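This is the structure, below, for whatever I ask next.
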Amino acid sequence: MTEYIIPKLPGYDSSTLDAEFQKLAAQVEEESVMLATDDGREAFRLHWLGRKQGRLKLISDAWLKTAPNDKKGAVGQRFNELKVQIEARIGVSKLRPIVDRLSQVEKEHFKTQAIEIHREKQTELVEARRIRDITLPGVAQRIGAEHPLIRTMAEIVTVFERMGYSVGLGPEVESDFYNFEALNFPPNHPARDTQDTLVVAGQDAKPGRDRLLMRTHTSPVQIRSMLDQAPPLRLVIPGKVHRNDAADATHSPVFHQVEGLCVDTNITFSDLKGTLDHAMKAFFGSSVKTRFFPSFFPFTEPSADVQISCIFCGGNGCRKCKHSGWIELLGCGMVDPAVFEAVNKRSIELGREPVYDTRRISGFAFGMGVDRIAMMKYGISDIGLLYSGDMRFLEQFA
Amino acid sequence: MNILSSWLRAYLPELPVSDEQLAENLTLRGIAVEGIFPTACGGARFEMDITTNRVDAMNHYGVAREAAAIYSVQLAPLSDGMGAPVDAAREDAGFPVRIEARDLCGRFTARVVRGVTVRPATGLISEYFSALGQKPISGPVDATNFGWLAMGQPTHVFDLDTLEGGLVVRRAHAGEPLRLLDGTERTLTADDLVIADENKALSLAGVMGGWDSRVTETTKNILVEAAWFNPGTVRSSSRRHGLHTDASHRFERGADFNAAPVGNHLVTRMVLEQAGGEAVGPLVDVVVPELAAKTAGRERIILRSREIQRILGTTLEDSVLEDGQRVSGLNETVIEQVLTALGCELEPMTAVAGEYAVRLPSWRLDLEREIDLIEEVARVYGYNRFADTLPAWAGAVLKQPHAEQERAIRETLLALGYSEAISSTFVSAEEAAAFGDAKAGAAAIGNPLSEEAGMLRPSLASGMATMLAHNLHRDVATVRLFELGTVFTGSTAEVCEHAGLALGAAGSAAASALHSKDDALVFEVKGALESLLARFSGTLSFDAKSLPAWIAPGRGGRALLDGAPVAVFGELSADEMQRRKLRQTCAVAEVLAQALLTRPLRQPTSRELSRFQAVERDFSFVFPDTVRWQAIETMVGRLGISELRSARPVEIFRDPKGKAIAAGSYSLLVRVVFQSGERTLSEEELTLWSARVIEALRGLGGSQRA
């Protein structure tokens, strides 16, 4: 028997432990050739299981007892596996001479019994390892929650992308020209008042159309897009907008819109109706109905407000729809020829070809408030929650 | 605004429908009835919501006109009824009226009624007013209000005996005083238009009458006035003096040029009815022809029925003839009927079929162009009688250039457990200074909602810190948030917009073999940044240089992609914590999202998986604190051992007592993995490589532990 030393454990992480114990297990297998003879068997036993100088005892002293408390389990488990392996080796070799003397019938008999015992042991083991309560909560894996506004906005955009609309974006700080002038707002329109619009400071020295303000709607992107692209075009424009509104349960100085624009030859009011009816069905479900009311926006004519049949009561009337069966959802209309003319005029100013010939080209535009739709969809009662960053609120959408 | 159905029916003797049906049909035509309430005088009170462009319909006769168009029924002409000329009981030359400001006042009518007795109104006025909730004042004043409610023509009654000489419509003298009906003293400017007598201003034209010339209980003789004023002048006077009245509302949106005489007759008739007396002399009606030509007499416009079809499209009543020709449900009969009922005069053009020269009604100054008439046709015909069609489309759907990057950012952060938040676009000047970059600048809002919202946010970190505080103050234990939004720099002359991104974390972060409990939160945020930035192409590195003041000293770092800074992160400084009354540490990261959006995403490439076993070797070293992991990693990488798969720190230990490890040093367990794609590694080469690693680590000032 050669001298041996127990090396220091290089680490306690599972891969190191596995590696070290596997080395030992390999040595057990290697040395088990000694078990063929009675002397050899005794030497093997003393070598591994000797009370004072047996290797297991030394391993226990060097590795198990010195292990930090939180690692004792990991070392101990592997230690026990090694011990079982050694004992099994010795046991089998003890039985060998007896087995050799047995008749075939006796062998079969013992074999059956052994299988039976093995099965029982297995059953015991399975029972011992049974998870006592699978209804206990799982180990928490926190995932982030999509913001309800971002989610709603993306859903709306997807509906229109499937209808051939490309996404258009624009700046949140706009000039009066894009936000009002080109959209056919008269110079004295109330929306231009600082009571309604947040303006950037120190604009007085600039010409009116260049004065900067927080865009009050996503509609200026219509103008920017038409200046960049010749017809035909189909755009869906999601974005953040601002108004000079004091915050309350239904108003926020910051809110979101999705705007749409479709321009081509022979785009008609019935196309507008069909498009929005289709989109609302795609978004809210195929049973939703739409109806159109005359309205007024400076940049569309004819202009309309669109109502959908109440998504909560199916149009029978409930508290959510104020018992009307209908919910007002968006504004829309045929692009006012004055808007095309403003784009043409601007193109000429920029030294470009005017390409929106109102005799040939027509179009429609629509816009909706994302906040209101999200609030309706998810039953949110206070718009302020959308802008609070409150985890308790946001995590509901995970 | 309120409308009585019984009053409407007075103008619509043949109206065939119930009040409810009428309300619904008006609503579907844009004359929205928001509520229907029963009244004591029979019929219903409609609560109306009429769009601002339709001032002509904000009165009973205007609504009745809409109903007449919808049902094609007779509308009783006002000039035959209440507005019919009132005969004079006594003749005279008429009251002297002179329009001096001929660019601002287009028409002025005046009528004298003598011998009145001012008393409360009775009869129809009192009945209607009580149903409408209109406050009664006195017979003559209520007569003017009745005229307003009936036909939307503002009128005024003067106490005739307070006037000195005839009336003059003129610009005010700069500094001229005038006490108005609301009792306030006003100082006028030369831009205000007034109605004056020979000596003094009497009323602010189109806005409000004067106090001194008002009709009182003792008034005996009255002058009834109805006029047409330029919308712009009324608007600017109304603004200048902060007076928004029914009259100014109508005039500034354009009154009916032809309504003044009818309105004057109507009010005169009601004054006689309510206060007795007699009309004296003729109705004085001074007209400025230039303004008449611009309004009531404006040019006809051409309407083409094929343009109506081009813009409006298919109706549910379209039909197809045997020869395949499509006939719109919106045919010429319908077009003519609708527009005529609205007061247009259609003259078919002889040269071209289906074209009309249309004379526009004087009360509809909002109608100016062909498209305005097309809208009227669609509106009265009924929007819901148009079909739902879908336009053909052959174009492609274009992706926004940065859509992929934006999606990658959201996807990664959500998966890492960060919830998306949206904070205010505005911050206080103090916050803008603390979080912004002075060189990049920031822009102020001219009319902020509050002092706390005076600036456009130059950084998302301040809003993030505020949201973390919001949660911690509400006892939310664990907060992980991100915001992807716009930040604004530059100046008020030119505002620059960039995409910004902030991450925020507070509460529960676990210590590890590498990070102490105290550092864990910062390293968790760093880990999130590493995962996020790994989605983008480029070589990622970190240092702790040029950190902003909102990061606590020595508690943060900076991330660079290909050597260019892309993010800063760290614990919130003591000042910022104090500003938000925070006691618990928070970690915030601010990412230059714009730099990420314009950077390509990392393209994953696949590598052959080795069939051969990987071998781990651990190296335990003590290093001085000055040696950073990034230097160790670089040094090991430079060894050029192609089989070296990875080197990573596994455990760090510092001894606060300086016993096991000297103060100013730390022990580090480095795990190196070797693997070959072609063969099983031999003990010899492993030994050789290990020696080289050890040598490299020693070269950095490390000493190997026994």
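Read-outs: derived from the displayed coordinates by stated rules, not from any lab. From a predicted model like this one, the values you see are computed outputs, not experimental measurements. Methodologically, a virtual Cβ is constructed for each residue, glycine included, from the backbone with ideal geometry; neighbour enumeration extends over all protein chains shown.
Can you run phi through the Karplus equation (6.51, -1.76, 1.60; θ = phi - 60°) for the stretch B:466-477 and list ³J(HN,Hα) in whole Hz, with x for Gly and Pro?
Once θ is set to phi - 60°, the couplings for the stretch B:466-477 become 5, 5, 4, 4, 3, 6, 5, 5, 9, 6, 7, 6 Hz.
Quick one: compute the contact order of the stretch B:583-706, relative version, from alpha carbon pairs under 8 angstrom and 6+ residues apart, as a percent. Mind showing how you got there, number by number?
Working: 153 pairs, mean separation 44.0, N = 124.
Normalised by residue count, the contact order of the stretch B:583-706 is 35 percent.
Once phi is turned into ³J(HN,Hα) by the Karplus curve 6.51 cos²θ - 1.76 cosθ + 1.60 with θ = phi - 60°, what whole-Hz value does each residue of the stretch B:309-318 show in order, with x for glycine and proline?
Result, ordered by residue: 5, 5, 7, 8, x, 8, 9, 5, 9, 5 Hz.
Mind checking which lysines have their Cα closer than 26 Å to the Cα of A:Lys377? Skip sequence neighbours fewer than 8 apart in that chain.
Within reach: A:Lys240, A:Lys273, A:Lys281, A:Lys289, A:Lys320, A:Lys322.
Enumerate the lysines that B:Lys545 could reach by cross-link, defined here as Cα to Cα under 20 Å, with residues fewer than 8 away along the same chain left out.
Counting by Cα, and skipping residues close in sequence, B:Lys545 has these lysines nearby: B:Lys439, B:Lys526.
Averaged over its residues, how many other protein chain Cβ atoms are within 10 Å of peptide A:293-304's Cβ atoms? Don't skip to the answer; put the middle values down first.
On the way: counts 8, 15, 6, 8, 2, 1, 0, 1, 8, 12, 5, 6.
Taking the mean over all residues of the peptide, I get 6.
Can you find, among B:Ala421, B:Ala509, B:Ala444, the residue farthest towards the positive end of the dipole of the stretch B:412-547? Put +1 on the C-beta of Lys and Arg, -1 on that of Asp and Glu.
About the Cα centre, the residue reaching furthest to the positive side is B:Ala509.
Let me ask something else about it. Using the Karplus curve 6.51 cos²θ - 1.76 cosθ + 1.60 with θ = phi - 60°, work out ³J(HN,Hα) for each residue of the stretch B:360-371 in order, rounded to whole Hz, and write x for Gly and Pro.
With coefficients 6.51, -1.76 and 1.60, one gets 8, x, 5, 8, 10, 5, 6, 8, 9, 10, 4, 4 Hz.
Give me the distance in nm between label points sitting 7 Å out from Cα along the Cα-to-Cβ direction at B:Arg602 and A:Lys23, one decimal.
The two pseudo-label positions are separated by 3.5 nm.
Out of residues 5 or more away from B:Arg119 or on other chains, whose amide H comes under 5 Å of its own, with H placed 1.01 Å from N in the peptide plane?
Residues meeting the amide H criterion: B:Gly139.
Explain nothing, just the number: relative contact order of the stretch B:103-248, from Cα pairs under 8 Å at least 6 residues apart, as a whole percent.
Averaging sequence separation for qualifying contacts and normalising by length gives 32 percent for the stretch B:103-248.
Can you sort B:Leu540, B:Leu597, B:Leu468, B:Leu22 from fewest to most other Cβ atoms within 10 Å of each residue's own Cβ? Mind dumping the intermediate values first?
Details: B:Leu540 14, B:Leu597 21, B:Leu468 29, B:Leu22 25.
In increasing order of surrounding Cβ atoms, one gets B:Leu540, B:Leu597, B:Leu22, B:Leu468.
Of the options B:Ala387, B:Ile311, B:Leu398, report the single residue whose Cα projects farthest towards the positive end of the charge dipole of the stretch B:302-420 (beta-carbon charges: Lys, Arg +1; Asp, Glu -1).
The residue sitting most towards the positive pole is B:Leu398.
If N is the number of residues in the stretch B:487-623, what value comes out of its Cα radius of gyration divided by 2.2 N^0.38 Å? Each step should come with its number before you reach the end.
Numbers: Rg = 18.5 Å, N = 137, 2.2 N^0.38 = 14.3 Å.
Normalised by 2.2 N^0.38 Å, the Cα Rg of the stretch B:487-623 equals 1.30.
Where nothing but the Cβ of Lys and Arg (+1) and of Asp and Glu (-1) is charged, how large is the charge dipole of the stretch B:541-618 around its Cα centre, in debye to the nearest 20? The partial results should precede the final answer.
Values: 12 positive and 9 negative charges, 38 e Å.
Rounded to the nearest 20 debye, it is 180 debye.
To make sure I understand the rule: partners must be lysines, Cα under 26 Å from the Cα of B:Lys294, and not fewer than 8 residues away in the same chain. Which ones qualify?
Within the straight-line limit of under 26 Å, B:Lys294 reaches these lysines: A:Lys345.
Which one of A:Gly367, A:Asn344, A:Met153 has its Cα pushed farthest toward the positive end of the charge dipole of chain A, where Lys and Arg give +1 and Asp and Glu give -1 at the Cβ?
A:Met153
Taking the Cα centre of each part, how many Å lie between the stretch B:583-655 and the stretch B:181-220?
84
Report the local net charge at B:Val112: Lys and Arg +1, Asp and Glu -1, summed over other residues whose C-beta lies under 13 Å from its C-beta. Intermediate values should be presented prior to the final figure.
Numbers: positive: B:Arg90, B:Arg111, B:Arg114, B:Lys220; negative: B:Glu91, B:Asp92, B:Asp159, B:Asp161, B:Glu225, B:Glu278.
Result for the neighbourhood of B:Val112: -2.
Report the FRET efficiency, 1/(1 + (r/R0)^6), for A:Asp70 and B:Lys517, where r is their Cβ-Cβ distance and R0 is 22 Å, rounded to 0.05. Display every interim value, and only then the final one.
Values: r = 16 Å, r/R0 = 0.73.
Efficiency computed from Cβ-Cβ geometry: 0.85.
Too long at a 32 Å Cα-Cα cut-off: which of A:Lys52/B:Lys659; A:Lys57/A:Lys111; A:Lys8/B:Lys517? Don't skip to the end; give the middle numbers.
Details: A:Lys52/B:Lys659 35 Å; A:Lys57/A:Lys111 34 Å; A:Lys8/B:Lys517 30 Å.
Those over the limit are A:Lys52/B:Lys659; A:Lys57/A:Lys111.
How do B:Ser667, A:Ser252, B:Ser213 line up, fewest other C-beta atoms within 10 Å first?
Values: B:Ser667 18, A:Ser252 21, B:Ser213 24.
Ascending number of Cβ neighbours within 10 Å: B:Ser667, A:Ser252, B:Ser213.
Can you list the residues, at least 5 places off or on another chain, whose amide H is less than 5 Å from the amide H of A:Ala304, using H built in the peptide plane?
Result for A:Ala304 returns A:Ser295, A:Cys332, A:Gly333.
Also: Once each part is reduced to its C-alpha centroid, what is the distance from the stretch A:323-391 to the stretch B:131-175 in angstrom?
Rounded to whole Å, the Cα centres lie 42 Å apart.
Suppose every K and R has +1 on its Cβ and every D and E has -1 on its Cβ; what is the size of the dipole of chain A about the Cα centre, in Debye to the nearest 20?
Numbers: 51 positive and 52 negative charges, 268 e Å.
Here the size comes out at about 1280 debye.
Please compute the average number of Cβ atoms from other chains found within 10 Å of each residue's Cβ in peptide A:184-195. Numbers along the way, then the final one.
Numbers: counts 0, 0, 0, 1, 6, 1, 1, 0, 0, 2, 2, 1.
Per residue, the number of nearby Cβ atoms from other chains is 1 on average.
Stretch B:Thr117-B:Arg611 to full length: gain in nm at 0.36 nm per residue minus the Cα-Cα span?
166.5 nm
Separate question: For A:Asp248 and B:Glu452, what is the calculated FRET efficiency with R₀ set at 22 Å and r taken between the beta-carbons, to the nearest 0.05? It would help to have the intermediate numbers written out before the result.
On the way: r = 17 Å, r/R0 = 0.77.
The formula returns an efficiency of 0.85 here.
Sticking with this structure for a sec: Only Cα pairs under 8 Å and at least 6 apart count here; give the relative contact order of chain B as a rounded whole percent.
Reported relative contact order: 9 percent.
DSSP loop (so not H, G, I, E, B), at most 16 other Cβ within 10 Å: list which trypsin sites (Lys or Arg not before Pro) in the stretch B:262-359 pass both filters.
Working: sites: B:Arg269, B:Lys294, B:Arg298, B:Arg300, B:Arg304, B:Arg306, B:Arg310, B:Arg326, B:Arg359; in loops: B:Arg298, B:Arg300.
Loop-located and lightly packed - B:Arg298, B:Arg300.
Cα centroid distance between the stretch A:109-175 and the stretch B:258-293, in Å?
Spelled out, the Cα-based centre of one part sits 81 Å from the other.
If you don't mind, another one. Find, among the trypsin sites (Lys or Arg not before Pro) in the stretch A:1-56, those assigned to loop by DSSP (not H, G, I, E, B) with at most 15 other beta-carbon atoms within 10 angstrom.
Working: sites: A:Lys8, A:Lys23, A:Arg41, A:Arg45, A:Arg51, A:Lys52, A:Arg55; in loops: A:Lys8, A:Arg51, A:Lys52.
Taking the stretch A:1-56 and a limit of 15 other Cβ atoms within 10 Å, the loop trypsin sites (Lys or Arg not before Pro) found are A:Lys8, A:Arg51, A:Lys52.
Distance from a point 7 Å along Cα→Cβ of A:Val167 to each backbone N in the stretch A:215-256: keep the residues under 20 Å and list them by number.
So the set is A:217-226, A:228-229, A:233-242, A:255-256.
Taking 0.36 nm per residue of separation and subtracting the Cα-Cα distance, what length does fully extending B:Met1 through B:Glu332 add?
Values: separation 331, 0.36 × 331 = 119.16 nm, distance 3.47 nm.
That pair, B:Met1 and B:Glu332, stretches by 115.7 nm at full extension.
Still on this structure, please answer the following. Loop-only check: which trypsin sites (Lys or Arg not before Pro) in the stretch B:594-624 are DSSP coil with at most 11 other Cβ within 10 angstrom? Numbers along the way, then the final one.
Working: sites: B:Arg602, B:Arg607, B:Arg611, B:Arg617; in loops: B:Arg602, B:Arg607, B:Arg611.
Passing sites in the stretch B:594-624 are B:Arg607, B:Arg611.
Using only the Cα atoms of the stretch B:14-100, build the gyration tensor, take square roots of its eigenvalues as a ≥ b ≥ c, and label the shape rounded, prolate or oblate: rounded if a/c is under 1.5, else prolate if a/b is larger than b/c, else oblate.
Details: a/c = 2.46, a/b = 1.97, b/c = 1.24.
Since a/c reaches 1.5 and a/b is larger than b/c, the shape of the stretch B:14-100 is classed as prolate.
With a cut-off of 12 Å, note down the residues of the stretch A:245-278 whose backbone N falls inside the zone around a label point 7 Å from the Cα of A:Ala191 toward its beta carbon.
Within reach of a label on A:Ala191, which here means backbone N under 12 Å from a point 7 Å along Cα→Cβ, the stretch A:245-278 contributes nothing.
Rounded to the nearest 500, what is the 222 nm mean residue ellipticity of chain A from helices alone, with -39500 (n - 2.57) per DSSP H run of 4+ residues and division by all residues? Walk me through the numbers on the way to the answer.
Working: 12 runs with 163 residues, N = 398.
Here the helix-only value at 222 nm equals -13000 deg cm²/dmol.
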